[in-house]
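Novice: One structure coming up, written as structure tokens, with questions to follow.
The values are calculated or read from the model by the stated rules, or taken from the named source; none is laboratory data. Just so it is clear, the model here is predicted, and its values are computed rather than measured. With ideal geometry, Cβ positions are generated from the backbone for all residues, glycine too; neighbour counts draw on all protein chains shown.
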Amino acid sequence: MVRRREILKTAMALAAGQLAGADLVDAAAPAQTSAPQPASPAAAGSGPAKPFDYAWLKGHARFLAGNPYETSKDVVPAAIATLNYDQYQSLRFRTDHALWGDAGLYFRVQFFHVGRGFNQAVQLYEVKDGQAREIVYEPSMFEFDKAGLDPALMRDHAGFAGFRVQFVTDWKDDVAAFLGAAYFRAVGGDTRQYGLSARALAVDTAYPRPEEFPRFTAFWFERPAKASGTLTMYALMDSPSIAGAVRFLIDPGATMIMDIDTALYPRKAIDRLGVAPLTSMFFYGENDRRGAND
């Protein structure tokens, strides 16, 4: 088994900054398979600086829970909302705009564009030295040609649907992805494939009424120290029944580890709460072999 120390040793040799694309995430566009050294500025927090730490985020979630839930007011351009599968796949993120792409760090973050079934944008922030700055959406971060879209129509009317995390040992593959603001997945170090989709929380599932899955509305990426093999990030969670703050410590390696801390603040009484729920789909099972005989 490859040990994390060996992986990081290999990373030292790769940290010079070779750049390549990312593998396909099921519901998102593939990145380029290769790219030259960055010619454009990498993404970075560019909004006004505001103090940030986990205690503040928990306090903010608690404040939200003490007030009525507000539904998302995002309205994406009709051309984006009606994209077919192939058109949405072609909305490619430009790898030279990756967060920390030119910083010589062990992590990079690329972004997914809103569209098709992912029409609720999430806010993204970079945290450095205890100060958070919003990563502002720019159409120049994406390729629109194959989707048949005019980038000028996207400015001030579109945003990010989520993001993928990449690690220095292999810039071609993801180690985790958050898409659609409600679920996330990680890649096993040995298998190199995605596992089950996870959600932050499940509310009142398996009842004869609509179930509820709180969504992530914002993420904060803490800028890692040089040669750090752990990415720390935070998320704000919200839904009609509950709000919450989440901290993720993502530690890639032969065994992928996510250390997740969650603080929950209910708005009302909840009958059934699903903590760390997993979700997926299957074609057939042990009790039904009609679909296939594999």
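Novice: Which residues, taken from region 208-232, are basic (K, R), in contact (Cβ under 8 Å) with a residue 60 or more places away in the chain and in a loop (DSSP other than H, G, I, E, B)?
Specialist: Of everything in region 208-232, those that are basic (K, R), in contact (Cβ under 8 Å) with a residue 60 or more places away in the chain and in a loop (DSSP other than H, G, I, E, B) turn out to be R223, K226.
Novice: Given the structure, is R116 more than 25 Å from M258 (Cβ to Cβ), at pLDDT below 90 and among the basic types (K, R)?
Specialist: Considered against the rule, which asks whether it is more than 25 Å from M258 (Cβ to Cβ), at pLDDT below 90 and among the basic types (K, R), R116 comes out as yes.
Novice: Output the number of residues of region 233-273 satisfying the condition of being part of a loop (DSSP other than H, G, I, E, B) and free of Cβ contacts under 8 Å to residues at least 24 places away in the same chain.
Specialist: Within region 233-273, residues that are part of a loop (DSSP other than H, G, I, E, B) and free of Cβ contacts under 8 Å to residues at least 24 places away in the same chain number 1.
Novice: For S90, indicate whether it is under 24 Å from E143 (Cβ atoms), under 21 Å from the mean Cα position of the chain (by Cα), at pLDDT 75 or above and of a type outside the set (V, I, T).
Specialist: So S90 fits the description; yes.
Novice: Please indicate, with yes or no, whether at least one residue in region 80-87 is closer than 27 Å to E138 by Cβ, among the aromatic types (F, W, Y), at pLDDT 80 or above and exposed (fewer than 15 other Cβ atoms within 10 Å of the Cβ).
Specialist: yes
Novice: Name the residues in region 195-208 that are among the charged types (D, E, K, R) and within 14 Å of S241 (Cα to Cα), would you? First the steps, then the outcome.
Specialist: The initial filter retains those residues of region 195-208 that are among the charged types (D, E, K, R), namely 199, 204.
The answer is D204, and nothing else.
Novice: Which residues, taken from region 171-181, are out of contact with any Leu (no Cβ under 7 Å at 6 or more places or on another chain) and either buried (at least 20 other Cβ atoms within 10 Å of the Cβ) or at positive phi (or both)?
Specialist: D174, V175, A176, A177, F178, L179, G180, A181
Novice: Would you check which residues across region 48-98 are of a type outside the set (A, V, I, L, M, F, W, C), under 29 Å from P240 (Cβ atoms) and part of a loop (DSSP other than H, G, I, E, B) and list them?
Specialist: D53, G66, N67, P68, Y69, E70, T71, S72, K73, D74, P77, T82
Novice: May I ask you to list pairs of residues, at least six apart or on different chains, whose Cβ atoms are under 7 Å apart, with the first in region 131-155 being assigned to a helix (DSSP H, G or I) and the second being exposed (fewer than 14 other Cβ atoms within 10 Å of the Cβ)?
Specialist: Hits for this filter: P139/R155.
Novice: Still on this model: Within region 181-210, how many residues are among the small types (G, A, S) and under 22 Å from V122 (Cα atoms)?
Specialist: Residues that pass the stated criteria total 7.
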